[in-house]
1. Tell me which residues, restricted to the range 25-62, are at negative phi and outside any helix (DSSP H, G or I).
2. Filter the range 1-24 for residues that are over 13 Å from the mean Cα position of the chain (by Cα), assigned to a helix (DSSP H, G or I) and charged (D, E, K, R) and give the result.
3. Can you name the residue in the range 14-30 that is surrounded by 15 or more Cβ atoms within 10 Å (Cβ to Cβ) and without any contact (Cβ under 8 Å) to a residue 40 or more places away in the chain and is also nearest to Val61 (Cα to Cα) among such residues?
Amino acid sequence: MDKYEKWISCLGQRLKEERNKQGLSREKLAELANTEQGYIAQIENGNRVPSLRTFVNLLLVLGSSSYSPIFDDIENINHLEVSN
């Protein structure tokens, strides 16, 4: 797994942790973020990268501080390498 894939996996894990912390089902989070429950599941499982629109909607629903640990994780992954 390369650094990009690790970060995507971490993104999904953080999303799931925060959703559970706030007592939201995937269905409710999807409704509030104006997306589909299956899409949330794919993001949480590291199988999809959310679009910028979805990412922003998730930040708005969960609170922007919910994702600050994700950006900290980028530093831990050590210079994220994005493949073309």
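1. If we filter the range 25-62 for residues that are at negative phi, which is where we start, we get 25-33, 35-45, 47-62.
Matches in the range 25-62: Ser25, Ala33, Thr35, Glu36, Asn45, Asn47, Arg48, Val49, Pro50, Ser51.
2. Matches in the range 1-24: Lys3, Lys21.
3. Filtering the range 14-30 for residues that are surrounded by 15 or more Cβ atoms within 10 Å (Cβ to Cβ) and without any contact (Cβ under 8 Å) to a residue 40 or more places away in the chain, the one nearest to Val61 (Cα to Cα) comes out as Leu29.
Residue-by-condition table, conditions (1) over 22 Å from Tyr4 (Cα atoms); (2) more than 10 Å from the chain's Cα centre (by Cα); (3) modelled with pLDDT under 90:
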position	(1), (2), (3)
Asn34	yes, yes, no
Ile40	no, no, no
Glu44	no, no, no
Val49	no, no, no
Leu58	no, no, no
Gly63	yes, yes, yes
Ile70	no, no, yes
Ile74	no, yes, yes
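The values are calculated or read from the model by the stated rules, or taken from the named source; none is laboratory data. Quick caveat, the model's predicted, so the values are computed rather than measured. Cβ: placed from backbone, ideal geometry, glycine included. Neighbour counts: every protein chain shown.
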